[in-house]
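The values are calculated or read from the model by the stated rules, or taken from the named source; none is laboratory data. Just so it is clear, the structure is predicted and the values come from calculations on it, not from any experiment. Virtual Cβ from ideal backbone geometry, glycine too; neighbours counted across all protein chains shown. For the accessible areas, the whole protein counts, side chains as well, though only heavy atoms, and no ligand, DNA or RNA atoms are used. Shrake-Rupley method; radii C 1.70, N 1.55, O 1.52, S 1.80 Å.
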Amino acid sequence: MSMPVTAKLPFGGDYNPEQWPEEVWESDYRLFDAARIDTVTLGVFDWALTQPASDMYDFSLLDRIVDRATAAGRNICLATGTGAYPAWLARAFPEVNRTDFEGRRHRFGQRHNACPSSPVFRRLSTELARRVARRYARSPSVVAWHVGNEYGGACYCSRCAEGFREWLRAKYTTLDALNAAWYTTFWSHTFTGFDEIDPPSALTEHWRGPDHTAFQGITLDYLRFMSDAMLTNFRDEKAAIRESSPDIPVTTNFMGMYRPIDYHRWAPHLDFVSWDNYPPDDTSQARMALTHDLMRGLKDGQPFWLMEQTPSHTACRDVNPLKRPGVMRLWSWQAVAHGADAVLFFQLRASRGACEKYHGAVIGHAGRSDTRVFGEVAELGAELDRLGDAVLGARTPARVALLFDWDSWWALEISDGPSRLVRYQQVVLAYHRALWDAGVDVNVVAVTADLSGYSVVIAPALHLLKGDIAARLEEVAARGGSVVATFLSGRVDADDNAFGMDVPGPLGPLMGVRVDEWDAREPEFVNPVLLRAGAAETEVAARLLFELVIPQGAEVVGTYQTDFYAGTPAVTRNPFGAGAGWYVAAGLDQAGVSWVMRQVLDSHDLVGPYPDVPDLETAVRVTPAGTRLLFLLNHRAEPVEVTARGGGVDLLTGNRVDPGRPIRLDPRGVMVLREDA
Ligand code: GLA
Ligand code: ZN
C-alpha cells in the first residue's frame with residue numbers, strides 16, 4: 001500500500017467545523033464548491049469531543065461532520081485526534097504531561113506535549129485510534145488516516161528515563177559496550193548499572209541548553225531514543241487502525257527539516273509521507289525546494305502530500321508577512337513540481353478564538369467569497385481540476401543525490417568545537433542551492449539509500465559515518481561518478497567518537513587528502529579562495545571554518561589566499577577509478593559552492609535547461625506511462641522570457657510550445673509542459 005486512491009490531485013485542507021454552528025457548514029460547503037475543494041482533513045484536535053470522560057466516547061458530532069463531507073462527495077483525510085489530549089486526562093493522570101529539559105513536570109496546556117512513554121497516554125491514544133478507525137473505515141469518503149499531529153519535542157520524565165534504559169539495554173546489551181560507545185572513562189563517568197543512567201538534561205550533562213553537552217554519546221542516543229519513542233506512539237495507533245482498516249493508507253504530518261525527529265527512521269512505518277510547509281519568509285523558494293526533495297526522498301522517491309500550507313499568512317511568528325498575489329499558486333505548483341500529489345491548506349475556515357484566530361484561511365471570519373485570497377484559491381482549484389490525474393504517481397528522474405543525515409546533523413550541532421557557527425542546514429542549503437540554480441533535479445536521500453543510479457553524490461557536512469557509506473561512495477566514483485564532500489565530514493563513527501585515523505576518516509582514500517589542522521574564525525573573517533579551472537580563475541570568500549589540507553594524490557582546485565596557510569589547498573579533486581572525489585575544505589560562500597558544483601555537474605553534462613536565468617526554477621516529473629512533465633516556475637515579480645528547448649503542450653493553458661520559440665512566463669508565472677514524446 002502506498003498513496004491514497006483519488007481520481008485527481010486532492011485539493012482542500014484542515015477543516016474544523018466543530019468550532020462553529022452547523023448553519024455555517026452549509027455556507028462552507030457552498031464556498032468549497034466554488035473553490036473546487038474536494039478534500040477535507042477532519043478531527044485533528046477532537047479528542048476532548050470524542051472522549052469527553054475516561055469512560056465515555058461520543059462520536060455524534062464527528063458523525064455529522066463526516067456525514068456532511070460524505071454527502072458532499074468530498075475525500076476525507078481523517079485524523080485520530082491525538083495531537084492534543086483533554087484536560088480531564090491530564091488531571092486524572094499527571095504522568096501524561098511532559099517533564100521539560102529543566103526537570104519541570106508540566107501541567108495541562110497547549111498541545112503536542114504528551115509524554116511518549118506514558119502507559120496511560122499510549123493506551124488511551126491507541127484506543128481512540130482504534131475506535132475512530134472502526135467507526136469510519138467503511139465510509140466511502142475516507143481516503144487516508146492522519147495519526148497525531150506534527151510529532152516533536154522531547155520529554156525528560158522518570159518514565160522516559162526508564163524507557164531510555166530499556167532502549168539502551170536493547171542497543172548495547174552490556175554496560176561495557178555502552179561505556180565504550182559513550183567514552184565514559186573521560187571525566188570518571190563509567191556506569192556500573194543501567195539504573196545510574198538519567199536522561200541528559202539541564203540537571204545532568206548539559207549547560208547552556210540542549211546543544212551543550214559534556215558527553216555527546218548519551219545526548220546523541222537520547223535524541224535517537226526520543227525519536228523512536230514518538231515513533232512507537234505512531235506505530236501503536238497505526239496498528240490499532242489496521243485492525244479494522246486494512247487498506248486505507250496511514251500518514252502523519254511531518255515538518256520538513258525538523259531536527260528532533262529522524263524522519264528516515266520513521267518513513268518505513270508510514271504508508272505515505274505528508275508534510276506541512278511554513279517557510280520562514282517569501283525568499284524561501286530554494287529552501288522549500290530542498291525540503292520537498294527531502295520529503296520525497298523519505299520513501300524512495302514516492303510522491304508525498306502537501307498536508308498544510310497557509311493560503312495567506314501564519315500567526316505564530318513575531319511578524320507574519322502576507323503571501324503576495326500569485327505566491328500561493330506558485331508555491332503550490334512548486335510542491336507539485338517536486339513530488340506533491342496533494343495540495344492542502346491549513347486551514348479552510350478561520351478559528352474565531354485562541355492563538356490561531358489571525359492565521360490565514362481560505363474562508364475568513366466574515367465568510368466571504370469575494371476576497372483576493374479566496375479568489376486565488378478558487379483559481380488554483382479550477383486549474384487543478386483541469387490537470388486531473390496528469391501528475392499522480394509521477395517520479396523525479398534525478399541523477400544527482402544529496403545525502404541528508406539526522407545523525408550528522410545532531411552530532412555536528414551538539415559538538416564542542418570546532419565552531420558553533422557552522423550549522424548543518426546552512427551547509428546543506430548552500431550545496432542544494434547550487435543544484436537548484438543549475439536547474440538539475442536532485443533526490444535528497446538517507447545514507448542507506450541505493451546510490452547505484454546516481455552520477456553525482458554530494459555529502460555536505462557528513463560529520464558522522466555509519467554503516468558502509470564510505471565504501472558505497474567509493475563505488476560511485478569507481479564507476480565514473482563524482483562524489484563531493486566538505487569540511488567536517490568523516491570526523492566521527494556511529495557513536496560520535498573520532499576515528500583513530502587521519503581526517504576525513506574512511507573518506508580519506510576517496511578524497512585523496514589528509515587534514516591535520518583546522519581553524520575556526522568569527523563570521524567577519526574572510527579568507528579568499530582562488531579557484532582554478534584550466535586557464536580560468538575566480539576568487540571567492542571562505543568563512544567560519546578552514547581545514548588545512550595535505551593532498552595525498554588529489555589535484556588542487558582552489559587555494560587559500562591569506563594567513564600562514566596561504567597557498568595551501570582549500571578545494572581538491574581526486575581521480576578515483578573512472579570518477580573523482582571532490583573535497584571542499586572551507587566554508588565557501590554561495591558563489592564558491594556554486595562554482596565547484598558547476599564544475600562537477602558540467603563534467604556529467606547534467607545542467608538543467610535554463611541554468612542561468614535567476615529565479616527561474618525547473619523540475620521534471622515522469623508519469624508512470626513515461627510522459628515527461630517539465631515544470632517552469634518564475635519566482636520573480638517580473639516576467640521572464642526564455643527560448644523553448646523542446647516542444648510540448650502547457651497543461652495549464654493548452655497552448656503549444658515549439659522548440660526555438662520564446663516562452664514567456666508572467667511574474668510568478670507557472671508552466672507545466674508535457675513534453676513531446
Ligand atoms: C501546524 C499545525 C496546525 C496549525 C498550523 C498553523 O502545521 O499542524 O494545526 O497549528 O501549524 O500554521
Ligand atoms: Zn516522559
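If a residue must be touching a helix residue (DSSP H, G or I) at 6+ places or on another chain (Cβ under 7 Å), buried (at least 17 other Cβ atoms within 10 Å of the Cβ) and not in a strand (DSSP E or B), how many such residues does region 546-591 contain?
1
What pairs come up if the first residue lies in region 367-391 and is assigned to a helix (DSSP H, G or I), the second is of a type in the set (Ser, Thr, Tyr) and open to solvent by less than 20 Å² (accessible area, probe 1.4 Å), and their beta carbons are under 7 Å apart, counting only those six or more places apart or on different chains?
373/312; 380/332
For every residue, the table says whether it meets (1) more than 14 Å from ligand 1 (Cβ to nearest atom); (2) more than 15 Å from residue 276 (Cα to Cα).
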| residue | (1), (2) |
| --- | --- |
| 302 | yes, yes |
| 305 | no, no |
| 315 | no, no |
| 321 | no, yes |
| 324 | yes, yes |
| 331 | yes, no |
| 337 | yes, yes |
| 340 | yes, no |
| 347 | no, no |
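Mind checking which residues of region 405-427 are within 21 Å of residue 200 (Cβ to Cβ), outside any loop (DSSP other than H, G, I, E, B) and not aromatic (Phe, Trp, Tyr)?
407, 408, 411, 412, 413
Mind listing whichever residues of region 119-144 are open to solvent by 50 Å² or more (accessible area, probe 1.4 Å) and either within 30 Å of residue 38 (Cα to Cα) or not assigned by TED's automatic domain parsing to the domain that holds residue 40 (or both)? So that I can check it myself, show each step before the final result.
Narrowing region 119-144 to residues open to solvent by 50 Å² or more (accessible area, probe 1.4 Å): 119, 122-123, 130-131, 134-135, 138, 140.
130, 131, 134, 135, 138, 140, listed by residue number.
Take the residues of region 100-118 that are in contact (Cβ under 8 Å) with a residue 40 or more places away in the chain, open to solvent by 20 Å² or more (accessible area, probe 1.4 Å) and in contact with an Asp or Glu (Cβ under 8 Å, 6 or more places away or on another chain): which is nearest to ligand 1 (Cβ to nearest atom)?
Ranking the candidates gives 112 first.
Which residues, counting only those in region 109-123, are more than 10 Å from ligand 2 (Cβ to nearest atom) and more than 26 Å from residue 276 (Cα to Cα)?
Once the filter is applied, which keeps residues that are more than 10 Å from ligand 2 (Cβ to nearest atom) and more than 26 Å from residue 276 (Cα to Cα), region 109-123 yields 119, 120, 123.
Picking from 253, 149, 179, which residue would you name as being over 30 Å from residue 75 (Cβ atoms) and either away from ligand 2 (no atom under 16 Å from the Cβ) or in contact with a Phe, Trp or Tyr (Cβ under 7 Å, 6 or more places away or on another chain) (or both)?
Numbers: 253 fails: over 30 Å from residue 75 (Cβ atoms); 149 fails: over 30 Å from residue 75 (Cβ atoms).
So the residue among 253, 149, 179 that is over 30 Å from residue 75 (Cβ atoms) and either away from ligand 2 (no atom under 16 Å from the Cβ) or in contact with a Phe, Trp or Tyr (Cβ under 7 Å, 6 or more places away or on another chain) (or both) is 179.
Name the pairs: first residue in region 149-160 and in contact (Cβ under 8 Å) with a residue 60 or more places away in the chain and within 17 Å of residue 258 (Cα to Cα), second residue of a type in the set (Gly, Ala, Ser) and within 11 Å of ligand 1 (Cβ to nearest atom), Cβ to Cβ under 6 Å, at least 6 apart or on different chains?
Qualifying pairs under 6 Å: 149/83.
Out of (1) over 23 Å from residue 272 (Cα atoms); (2) touching a Cys at 6+ places or on another chain (Cβ under 6 Å), the odd one out for residue 171 is which?
(2)
Taking region 42-77 only, how many residues are over 24 Å from residue 123 (Cα atoms) and either without any contact (Cβ under 8 Å) to a residue 24 or more places away in the chain or open to solvent by less than 50 Å² (accessible area, probe 1.4 Å) (or both)?
The initial filter retains those residues of region 42-77 that are over 24 Å from residue 123 (Cα atoms), namely 64-76.
When the remaining residues are screened for being either without any contact (Cβ under 8 Å) to a residue 24 or more places away in the chain or open to solvent by less than 50 Å² (accessible area, probe 1.4 Å) (or both), the result is 65-67, 69-72, 74-76.
Total satisfying the criteria: 10.
Name the one entry in 560, 565 that is aromatic (Phe, Trp, Tyr) and touching a residue at least 40 places away in the same chain (Cβ under 8 Å). Please lay out each step first, then the result.
Numbers: 560 fails: touching a residue at least 40 places away in the same chain (Cβ under 8 Å).
That would be 565, the only listed residue that is aromatic (Phe, Trp, Tyr) and touching a residue at least 40 places away in the same chain (Cβ under 8 Å).
Being of a type in the set (Val, Ile, Thr) and under 25 Å from the mean Cα position of the chain (by Cα) is the filter; apply it to region 597-626 and report the residue that is surrounded by the most Cβ atoms within 10 Å (Cβ to Cβ). Give the steps one after another, and end with the answer.
The first filter runs over region 597-626 and keeps only residues of a type in the set (Val, Ile, Thr), leaving 600, 607, 613, 618, 620, 622-623.
Now restrict to residues that are under 25 Å from the mean Cα position of the chain (by Cα): 607, 618, 620, 622-623.
Numbers: 607: 16, 618: 23, 620: 21, 622: 15, 623: 16.
Taking the candidates together, the pick is 618.
Would you be able to say whether some residue in region 474-481 is assigned by TED's automatic domain parsing to the domain that holds residue 591, open to solvent by less than 10 Å² (accessible area, probe 1.4 Å) and assigned to a helix (DSSP H, G or I)? First the steps, then the outcome.
Within region 474-481, the first condition is being assigned by TED's automatic domain parsing to the domain that holds residue 591, and the residues that meet it are 474-481.
Among the residues that remain, those that are also open to solvent by less than 10 Å² (accessible area, probe 1.4 Å) are: 476-477, 481.
In the following step, the residues that additionally are assigned to a helix (DSSP H, G or I) were identified as 476-477.
Yes, that holds for at least one residue.
Which one of the conditions (1) of a type outside the set (Ser, Thr, Tyr); (2) assigned to a loop (DSSP other than H, G, I, E, B); (3) farther than 26 Å from residue 360 by Cβ does residue 63 fail to meet, given that it meets all the rest?
The number of the failed condition is (2).
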